[in-house]
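Asks: Please read through the structure below; I'll follow up with questions.
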Amino acid sequence: EWRDKDGKVIAHDERTFRFHRPTGAERTLDFEITIHASHGEITLGDTKEGTFAIRMAESMRNKQPKNQPGAGHLVSSRGEKDGDVWGKRAEWVDYYGPVNGKTYGIAIFDDPRNPRYPTWWHARDYGLFAANPFGVHDFEKREKGAGDLKIPAGGSVTFRYRVLLHPGDTGAAGIAARFDEYVRATKH
């Protein structure tokens, strides 16, 4: 159940998580959430504060506290890197860096069936990593509310994301090819 600030139920959701082990060290999580406007029209408001988010391990950050450089990196499907990923649209983003002396990464794939595909990324160099289809006001410098998404009474909206946990950096993990495989699989 989704409740407003007064505790009144305004919607409900259904969530599905699918876990896979495609290769030795890789793991995937497919996440699907359908939000039902079961108690009248609802508006998912325009905010840059993320939607589907992960907080990265401190060692993987691109910047460490006090703006010290970190060893981690962000790469988007459209070629942006590190701090330039923030607020941009992309089909996927990969965030990788060191953990106990080895390089690991986490990629998030935006599903082509999602509203507003490809999504914007509220991905920061200090370890915040979020796909966000609602931050239009901040990301595009448009009027407040430009990113609002209304769901009519009785309607619903579904969001799907794949998270790929992998060894190595973006290139070594073949993230672009892995995204293409994911897209082909979602068309069936």
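Asks: What ³J(HN,Hα) values, in whole Hz, does the Karplus curve 6.51 cos²θ - 1.76 cosθ + 1.60 give for segment 131-148 when θ = phi - 60°, with x put for Gly and Pro?
Replies: With coefficients 6.51, -1.76 and 1.60, one gets 8, 8, x, 10, x, 4, 3, 7, 6, 9, 6, 9, 4, 4, x, 4, x, 4 Hz.
Asks: Counting only C-alpha contacts under 8 Å and six or more residues apart, can you give the relative contact order of segment 1-138 as a whole percent?
Replies: Details: 288 pairs, mean separation 31.4, N = 138.
For segment 1-138, the relative contact order is 23 percent.
Asks: On to the next question. Kindly flag which residue pairs out of 88/141; 63/144; 8/48; 48/88 have an alpha-carbon separation exceeding 18 Å in this structure. Let's see the in-between values first.
Replies: On the way: 88/141 12 Å; 63/144 30 Å; 8/48 25 Å; 48/88 12 Å.
With Cα atoms farther than 18 Å apart: 63/144; 8/48.
Asks: Express the accessible area of segment 92-138 per residue in Å², computed with a 1.4 Å probe while the remaining protein chains stay in the model. It would help to have the intermediate numbers written out before the result.
Replies: Numbers: 1430 Å² over 47 residues.
It amounts to 30 Å² per residue over segment 92-138.
Asks: Taking Rg and Dmax of the Cα atoms in Å as the quantity of interest, determine which of [x] 17.3, 52; [y] 16.5, 53; [z] 20.0, 64 was computed from the displayed structure.
Replies: [x]
Asks: Quote the charge dipole size of segment 20-94 about the Cα centre in Debye, to the nearest 20; the model charges only the Cβ of Lys and Arg (+1) and of Asp and Glu (-1). Don't skip to the end; give the middle numbers.
Replies: Values: 11 positive and 12 negative charges, 79 e Å.
Once rounded to the nearest 20, the dipole reads 380 debye.
Asks: Roughly how far apart, in whole Å, are the Cα centres of segment 147-175 and segment 16-39?
Replies: 9 Å
Asks: With runs of 4+ DSSP H residues as the only contributors, calculate the mean residue ellipticity of the chain at 222 nm using -39,500 (n - 2.57) per run, divided by the residue total and rounded to the nearest 500. Display every interim value, and only then the final one.
Replies: On the way: 3 runs with 20 residues, N = 188.
Helix contribution divided over all residues of the chain: -2500 deg cm²/dmol.
Asks: For the chain, what proportion of DSSP beta bridges, expressed in % and rounded to the nearest 5, is antiparallel?
Replies: 100 percent
Asks: Can you give me the % of accessible surface on segment 137-188 that is carbon or sulfur? Probe 1.4 Å, all protein chains present, nothing else counted.
Replies: Numbers: 1480 of 2880 Å².
Ligands and nucleic acids excluded, carbon and sulfur reach 51 percent.
Asks: Mind listing the phi-derived Karplus ³J(HN,Hα) values for segment 12-27, rounded to whole Hz, using 6.51, -1.76 and 1.60 with θ = phi - 60°, and x for any glycine or proline?
Replies: Each residue's phi maps through the Karplus curve to give 9, 9, 10, 10, 10, 10, 10, 10, 9, 10, x, 9, x, 9, 7, 9 Hz.
Asks: Rounded to the nearest 10 degrees, what's the angle between the helix 175-186 long axis and the longest principal axis of the chain, both from Cα atoms, 0 to 90?
Replies: The angle comes out near 40 degrees.
Asks: Using the Karplus curve 6.51 cos²θ - 1.76 cosθ + 1.60 with θ = phi - 60°, what ³J(HN,Hα) values do you get for each residue of segment 57-67, in whole Hz, with x for Gly and Pro?
Replies: For segment 57-67, the Karplus-derived couplings read 4, 4, 5, 8, 4, 7, 10, 9, x, 6, 6 Hz, x marking Gly and Pro.
The values are calculated or read from the model by the stated rules, or taken from the named source; none is laboratory data. Predicted, not measured: the structure shown is a model, and the values here were computed from it. When we count neighbours, we look across all protein chains shown, and the Cβ atoms used for this are built from the backbone with ideal geometry, even at glycine. Note: areas computed on protein heavy atoms with side chains; ligands, DNA, RNA excluded. Shrake-Rupley method; radii C 1.70, N 1.55, O 1.52, S 1.80 Å.
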